[in-house]
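Asker: Before anything else, here's the structure in question.
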Amino acid sequence: MAQRAGYICSHPLCQQLTIGPSEDRGTKLTNVGEAAHITAASPGGPRYDVKLTKTERQAEANGIWLCRVHAKQVDDNASKETVDELRRWKVSHEDWVYRRVAAADSLVQHGITDLAIENIGPFRSRAAVKFGRHNIVFGLNNSGKSTFCECLAALSGGRNLAALEKRWGLFKSASQAGVIEAAASIKGARTSVRLSEELVELKRLPQRRPQRLQVEVDGNVSASWPQTLFNVVYVDNQAYRPSDLKDPFRRDLRALAPQLALSEAQLWDALREPLFCSTTFGSRVRRTGAYSVEVQVAGSSHFLPTENLGGAEYTFTILDIALRVMRSDPRPVPWMLVIDSSMFLRLDADNQRRVLDGVQALDEPPIQTLVCLNSEQEAVELSSATTERWVGSSTAGRLTLHAFR
Ligand SMILES: [Zn+2]
């Protein structure tokens, strides 16, 4: 019974794991779960059913796996927690466990698990990948890395979706319909979305054949999709297109803010020293003017204006700001940081290693990451130190994605 429940409490709102290691007990196990009777084993017990035989009372089907709290709660409240209610819990819990096993997606419990693209840019036929917590995608120039990242980022909606629409002329032509499918998980609860172009037939305006966005969530047509499941920050130098701003730092923050679900003013206001007292790569940021900050980089004892930072120091500062804001999000939603090859490959090998080690050490809340590289050689060099974390590969068109724990 415990194994069929995955050793997880079957109470619909609990999902408490009930087994783990013990150093002191003979079994080497600590078990905080109980096999509770749905109808009691003996007369006078909770929900006792006189019609059952002794064998039926002792059968697996007459029990439900619960944590200790819920085992006591259901036995002390037999009038509220009825036989029918407990049977429903058991069926739906075993179904939930079964689906988690069948989907084999337990690697990513909190983040984006899958992405499929069809008829967008270089991806003509359907290309699908499975993500790990950390991911390296590689392919030669023009093999679709940017399109892949843009499709991923478009799932967060807003400006990222608008950028994809503009680049590939989505919703304009009546040619083959573009499709983006993805699934994300929040603490194990999985949601899938499908975004596609759909032709609209307007009887009164037959000459106009506009496209519209068709949205499906978990297989059902929907007015919108849960964009907050897909919080993707795409750090790409090319995305920081020319603007009226000469100051590169101000330009970069303007590009970053909407991806962090902030206005430009909110992001500037967030640049307070206390928020940056501990960052992933050790940059401390303090605001010194309306549009200026000073940064103390790791290993340095003084603050410098951003224009005095070296290339790598500047990159680490941008990454630290993005990661710090993502990690201070009070909502229990996953975040993914996508680092484009144009930014990553400007760093030397030691600093590339430092980026990967830094993001992979992040926990509570974890951040999912995706780094783009131009060749398998680069991916091999970088991933060699993390072989024990490697969990799988998939290909999408001419791209390959390595997933890591
Ligand atoms: Zn429980």
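The values are calculated or read from the model by the stated rules, or taken from the named source; none is laboratory data. Just so it is clear, the structure is predicted and the values come from calculations on it, not from any experiment. Cβ sites come from the backbone with ideal geometry, for glycine too, and all protein chains shown count toward neighbours. Surface accessibility is based on the protein's heavy atoms, side chains included, excluding ligands, DNA and RNA. Shrake-Rupley method; radii C 1.70, N 1.55, O 1.52, S 1.80 Å.
Asker: I want the local charge near R68. Using Cβ-Cβ distances under 13 Å, sum +1 for each Lys or Arg and -1 for each Asp or Glu among the other residues.
Answerer: -2
Asker: Follow-up. Please label the shape of the chain as rounded, prolate or oblate, based on the square roots a ≥ b ≥ c of the eigenvalues of the alpha-carbon gyration tensor (a/c under 1.5 means rounded; beyond that, a/b larger than b/c means prolate, else oblate).
Answerer: Note, shape of the chain comes out prolate.
Asker: Here is a further query. In nm, give the distance between the simple-model label positions of Q377 and T55, each being 7 Å from the Cα along the Cα-to-Cβ direction.
Answerer: 7.1 nm
Asker: Another one. Non-local amide H neighbours of I38 (under 5 Å, H modeled in plane, Pro and chain starts lacking H): which ones?
Answerer: Long-range HN contacts for I38: G63, I64.
Asker: How many Lys pairs in the chain lie less than 22 angstrom apart by Cα atoms, where the lysines are 8 or more positions apart or on different chains?
Answerer: Value for the chain: 11.
Asker: Only helical DSSP H runs with n ≥ 4 go in: add -39500 (n - 2.57) per run for the chain, normalise by residue count and round the 222 nm mean residue ellipticity to 500 deg cm²/dmol.
Answerer: It comes out at -8500 deg cm²/dmol, rounded to the nearest 500.
Asker: Evaluate E = 1/(1 + (r/R0)^6) for L345 and V221, where r is the Cβ-Cβ distance and R0 equals 45 Å; express this FRET efficiency to the nearest 0.05.
Answerer: Computed FRET efficiency for L345 and V221: 0.60.
Asker: Could you run the Karplus curve 6.51 cos²θ - 1.76 cosθ + 1.60 with θ = phi - 60° over the range 31-40 and give me ³J(HN,Hα) per residue in whole Hz, x for Gly and Pro?
Answerer: 10, 10, x, 9, 8, 8, 6, 6, 10, 4
Asker: Order these peptides, 117-130, 15-28, 63-76, 348-361, by their mean beta-carbon neighbour count within 10 angstrom, highest first.
Answerer: Highest to lowest by the protection proxy: 63-76, 117-130, 348-361, 15-28.
Asker: Then there is this: State in Å² the accessible area per residue of the chain; use a 1.4 Å probe, count heavy atoms of protein chains only, and round to the nearest integer.
Answerer: Ligands and nucleic acids excluded, the result is 51 Å² per residue.
Asker: Further, regarding this structure: What is the gain in length, in nm to one decimal, between R286 and K203 on full extension, counting 0.36 nm per residue of separation less the C-alpha to C-alpha distance?
Answerer: Roughly 24.0 nm would be gained on extension.
Asker: Tally Lys and Arg at +1 and Asp and Glu at -1 over the other residues with C-beta under 15 Å from the C-beta of D348: what net charge comes out?
Answerer: Once all neighbours under 15 Å are counted, the net charge is -2.
Asker: For the chain, with a Gaussian network of springs between Cα atoms less than 10 Å apart, report the residue from E198, E294, E85 with the top mean-square fluctuation.
Answerer: Answer for the Gaussian network model of the chain: E85.
Asker: On to the next question. If you roll a 1.4 angstrom probe over the protein chains with everything in place, what fraction of the accessible area of the chain belongs to carbon and sulfur, to the nearest %?
Answerer: Carbon-and-sulfur percentage of accessible area, whole number: 51.
Asker: Residue-wise, which Karplus ³J(HN,Hα) couplings in Hz belong to the range 272-289, taking 6.51 cos²θ - 1.76 cosθ + 1.60, θ = phi - 60°, and x for glycine or proline?
Answerer: Result, rounded to whole Hz: 9, 4, x, 5, 10, 6, 9, 10, 4, 10, x, 7, 10, 10, 9, 7, 10, x.
Asker: Rounded, prolate or oblate, given the Cα gyration tensor of the range 29-109, with a/c below 1.5 counting as rounded?
Answerer: prolate
Asker: Relative contact order of the chain: what whole-number percent is it, with Cα pairs under 8 angstrom and at least 6 residues apart?
Answerer: After rounding, I find 16 percent.
Asker: Moving on. Tell me, what is the FRET efficiency for S22 and V83 to the nearest 0.05, using R0 = 56 angstrom and their Cβ-Cβ distance as r?
Answerer: Efficiency, from the Cβ-Cβ distance: 0.95.
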